[in-house]
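Structure record follows, encoded as structure tokens.
The values are calculated or read from the model by the stated rules, or taken from the named source; none is laboratory data. This structure is a prediction, so every number in the text was calculated from the model and none was measured. Cβ atoms come from the backbone with ideal geometry, glycine included; neighbour counts cover every protein chain shown. SASA here: full protein model, heavy atoms, side chains in, ligands and nucleic acids out. Shrake-Rupley method; radii C 1.70, N 1.55, O 1.52, S 1.80 Å.
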Amino acid sequence: MLEGMQETLAQMPEAQRKQMEQMMAQSGASFTQPNVLRQCLTVEAAKGEFKPTVDDAGMQCSEVDWHGSRTEGRYSMNCTNADGEWKIDGRIWDATSKSYKSEMTLHGVVDNQPVSIEMSQAARWVGADCQGIQPLQ
């Protein structure tokens, strides 16, 4: 996928390519580090209660069922969209003020075919300067 995006960018006029790269940088994505996503949190967001969100307007989700402590926890929720139902389960552990680890599984249907997705991440605080990345709300 990254190669396809790089080819698409290479074919764009220079001004359009720079605009696209700038938009990506503001959201924390980069072609030079495809496995790294930088996010900026406001102090208010960092102090807030953890709630996983789904950035798909067509997806309706139940309240998050959260069980855990200050350093680890598990969550689950059910979502529906035009394709059907999704079950989302996740775990966060080794959570400190400067880092955490997480994993999540999604089970659902796309184009009438069952789909399972597994994701994991290791996050760490890198500094107070967001370097032009727009803060998460």
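Look at the stretch 123-136: where a residue is under 20 Å from Q22 (Cβ atoms) and a partner is hydrophobic (A, V, I, L, M, F, W, C), sitting 6+ places away or on another chain with Cβ atoms under 6 Å, you get C130/C40; I133/C40; P135/C40; L136/L41; L136/A45. Selection of the stretch 69-90 for residues being open to solvent by less than 60 Å² (accessible area, probe 1.4 Å) and of a type outside the set (V, I, T) yields G73, Y75, S76, M77, C79, N81, G84, W86, D89, G90. When A45 is tested against (1) within 17 Å of the chain's Cα centre (by Cα); (2) exposed (fewer than 11 other Cβ atoms within 10 Å of the Cβ), just one condition goes unmet, and that condition is (2).
Just one of the listed residues (E118, E103) is surrounded by 10 or more Cβ atoms within 10 Å (Cβ to Cβ) and at pLDDT 85 or above, and it is E103.
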